Amino acid sequence: MTTTPTAPASTTPVIGAGITRVDGPLKVTGAVSYADDLAPRDALVGVLVGATITSGTVTLVDASDALAAPGVVAVLSHHDAPSVVRPNEASADDRAPRPPFQDPVVRFRGDYVALVVAQTREEAEHAATLVHVSYDVDEPVVDINDPRAPRETDDPAGADSVRGDLARGLAEADVVIEADFVTGDNTNNPLGLFAACAEWDGEALHMWATTQWPSNVADCLAEAWGIPREDVRVECPYLGGGFGSGLRPWPYIHAAAMAARTVGRPVRVVLSRPQMFTGVGHRPETVQHVRLGARRDGTLTAVEHTATIPVAVDDDNPENVVSGTRQGYAVEHLRADVDQVRLHVSPPGSMRAPGEAQGNFALETALDELAVELGIDPVELRMRNEAVTNPDQGDLPWSSKALDECLRRGAELIGWDERDPAPRSMREGDQLVGYGMAAVSFFYFQQPCTVRVVVRRDGTAAVHCAAMDIGTGTYTIVTQVVADRLGLEVGDVEVVLGDSSLPPSPPAGGSGLATAISNATALAVAQVLDDLGLDPRAAPGRDALAGAVGGRDDVSAEATADQPDPDQLGMSPSGAFGAKFAKVRVDADLGLVRVERLVSVIDCGQVLNERTARSQVVGGTVGGIGHALLEHTVTDLHAGPQTGRITNAHLADYLMAVNADVPDLEVEFVGGPDRLNPVGVKGVGEVGLCGVAAAIGNAVFHATGRRVRRLPITPDLLL
Ligand code: MOS
């Protein structure tokens, strides 16, 4: 069964209602089982040893001292670790991250060179300091601007696009503005340290691993070891945060499987906080260039947006920095292009709104500059260039779009018209006050998802899917969809997630899971009702369900929601839209920026749960404030020999937005159910972060008259 467009069902109070998380009581009482909590308690402990050089070859791993230390059971390195295949076929990545210990090459600082397995963590950590590694050292290339870095102009992310004739569009412009932007590297910092525990039973592998995508980790492990997929089981029912760092099958997961295989006992590997900075991805820095041409009335005639991002040596993480630019505005002549340069950095990965977060900052800052240049209100400038159809998809109509309403309502909420638009005009004592805004057109992303719905003899229901809940409320929204469609109380629905042995799912990522799983769930419910001889649209209720199940234990049905085909549908699948408005205060003497207000107005289609959707936007906005002002993974690029060593790989020096940095955040939802899918939902996971940096940067310009084209916007840039 596949997704076909149907009119969204009328919504009942169950869908959309801000019910509290069904897993909330488990979480606040500490009863919830994170992946590592489920793993065998008698597992040995593995501690990874990272390379202390940035590029080169390991000539010898001398483990003799480590092996003689108390409690040590084994030391693995490229000398003796099991050989596995790098997952390419099964992997959802173009190329999955390399399993460790397969060759002696060091590709970045911190690349794993050994794993010490001991009885306790303390013993393993101690012995890890006794592993002596010799290297042949090569000179690394770690600077994105280093001309020696191999540049790749092919287009693995499908980012590049040409529309019309850029030169002609620029010639038609009355005003052209052009600017360079730089965004710094950021690191995902979920509170929960990533952990993987492996246990082999003959040729069958059972893993408990921190991941946003159990199905994919199982696929990749099966391919790596050349064992049947059904012999691999990956469990991760709950996660202590991910923000994208759990999307790829990272090397530490393979390390646990190798160690357990070698010692014939379960082994758990837990990353340290510094290892989280090099082991589970990071948001790559960018260098961007934007050129905008417009007529005096604000009509865009040309948009050019180019970007360079780093990728690691022998790894791929295609990131589309220009997707928002391509579809954001009605402009006939456009060129968008992303190049990658290969550096000796740890493999990047997704970090909330990957690509979009960086690209939106450049585009929406440049638009603010254009508005100033033209003397047109920045909100008005965006409205004048509204993409009524999707210019990036043959001008097909959107499946839903309420960006205009987002902009209007956001301006109203922040009091946009009450500000004095002149830069540096709103001083209050030593505080410079400023307002800024940005728009977001987030990309659409949906992958196939299969869900099983079980109706039991007593009329209650269960839902099974391998998908996992990163804490955003997946258990809750699936419960709501089932309760709504079956006419059950919320308490009569059990949702089982986070286990690769259940029907396969896409990642909890890309703002795509809520759409995929809610639609698959709705389809499976319709199927089971049909199988029960009930009207698929009738929401029969518990008694009727029990009656239809009759004497059987249960009746179940599976359904898959596929990606829709835009051409067949005659419309362009829409992601979320949003408008962000910021009010900041900048200390005129110190350059300190405080965010006083931040308004987000979001069109995410049908809101499944007002509370969890709002929480998504609030969380994304907090990340956006960090992106704008604080977060920066700093290396030794600017002092002495460049090693790419991260100098702030811990929570003390990696600055993130905390309560004191965040005002009460204002969130409103506008728009209605999307036309594309049965439930009418569009993902809301990432749109909250996007646009925050540009809105704050534009507010900083309004406050100070200083245009900062760099993230994070630190005080030194304002002095
Ligand atoms: Mo998100 S970066 O798709 O987990």
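The values are calculated or read from the model by the stated rules, or taken from the named source; none is laboratory data. Model, not experiment: these values are computed from the prediction. All Cβ positions, glycine included, derive from the backbone under ideal geometry; neighbour counts span all protein chains shown. The area values use the complete protein model at the heavy-atom level, side chains included, leaving out ligands, DNA and RNA. Shrake-Rupley method; radii C 1.70, N 1.55, O 1.52, S 1.80 Å.
Assorted remarks:
- The residue of region 329-364 that is nearest to the ligand (Cβ to nearest atom), among those that are of a type in the set (A, V, I, L, M, F, W, C) and open to solvent by 20 Å² or more (accessible area, probe 1.4 Å), is Val345.
- Looking across region 540-556, the residues that are small (Gly, Ala, Ser) and open to solvent by less than 30 Å² (accessible area, probe 1.4 Å) come down to Gly541, Ala546, Ala548.
- When Val290 is tested against (1) within 16 Å of the ligand (Cβ to nearest atom); (2) within 28 Å of Asp143 (Cα to Cα), only condition (1) is not met.
- Some residue of region 263-276 being crowded, with 24+ Cβ neighbours inside 10 Å, basic (Lys, Arg) and within 16 Å of the ligand (Cβ to nearest atom): no
- Some residue of region 201-217 being within 16 Å of the ligand (Cβ to nearest atom), assigned to a loop (DSSP other than H, G, I, E, B) and at positive phi: no
- Qualifying residue in region 366-373 (condition: assigned to a strand (DSSP E or B), away from the ligand (no atom under 16 Å from the Cβ), of a type in the set (Val, Ile, Thr) and open to solvent by 10 Å² or more (accessible area, probe 1.4 Å)): no
- In region 592-604, the residues that are closer than 18 Å to Leu403 by Cβ and among the β-branched types (Val, Ile, Thr) form Cβ pairs under 6 Å with partners that are in a strand (DSSP E or B) and open to solvent by 20 Å² or more (accessible area, probe 1.4 Å), at six or more places apart or across chains, as follows: Val599/Glu666; Val601/Glu668; Ile602/Phe669.
- The requirement of being in a strand (DSSP E or B), touching a residue at least 60 places away in the same chain (Cβ under 8 Å) and open to solvent by 20 Å² or more (accessible area, probe 1.4 Å) is fulfilled nowhere in region 618-625; no residue meets it.
- Selected residue (criterion: nearest to the ligand (Cβ to nearest atom)) from residues of region 228-246 that are in contact with a helix residue (DSSP H, G or I) (Cβ under 8 Å, 6 or more places away or on another chain) and open to solvent by 10 Å² or more (accessible area, probe 1.4 Å): Phe243
- Residue within region 341-354 that is over 24 Å from Val687 (Cα atoms) and in contact with a helix residue (DSSP H, G or I) (Cβ under 7 Å, 6 or more places away or on another chain) present: yes
- Per the listing Ala68, Ala63, the residue uniquely surrounded by fewer than 17 Cβ atoms within 10 Å (Cβ to Cβ) and over 16 Å from Arg261 (Cβ atoms) is Ala68.
- Verdict on Val287 being hydrophobic (A, V, I, L, M, F, W, C) and either within 23 Å of Arg645 (Cα to Cα) or open to solvent by 10 Å² or more (accessible area, probe 1.4 Å) (or both): yes
- Whichever residue in region 301-328 is open to solvent by 10 Å² or more (accessible area, probe 1.4 Å) and assigned to a strand (DSSP E or B) and, among such residues, is nearest to Asp160 (Cα to Cα): Thr306
- Of the residues making up region 666-693, those that are in a loop (DSSP other than H, G, I, E, B), out of contact with any Lys or Arg (no Cβ under 7 Å at 6 or more places or on another chain) and within 16 Å of the ligand (Cβ to nearest atom) number 7.
- From the options Thr183, Thr153, residue that is surrounded by 15 or more Cβ atoms within 10 Å (Cβ to Cβ), hydroxyl-bearing (Ser, Thr, Tyr) and either within 30 Å of Leu630 (Cα to Cα) or under 31 Å from the mean Cα position of the chain (by Cα) (or both): Thr183
- Flag for Ala159 being touching a helix residue (DSSP H, G or I) at 6+ places or on another chain (Cβ under 6 Å), within 27 Å of Val341 (Cβ to Cβ) and of a type in the set (Gly, Ala, Ser): no
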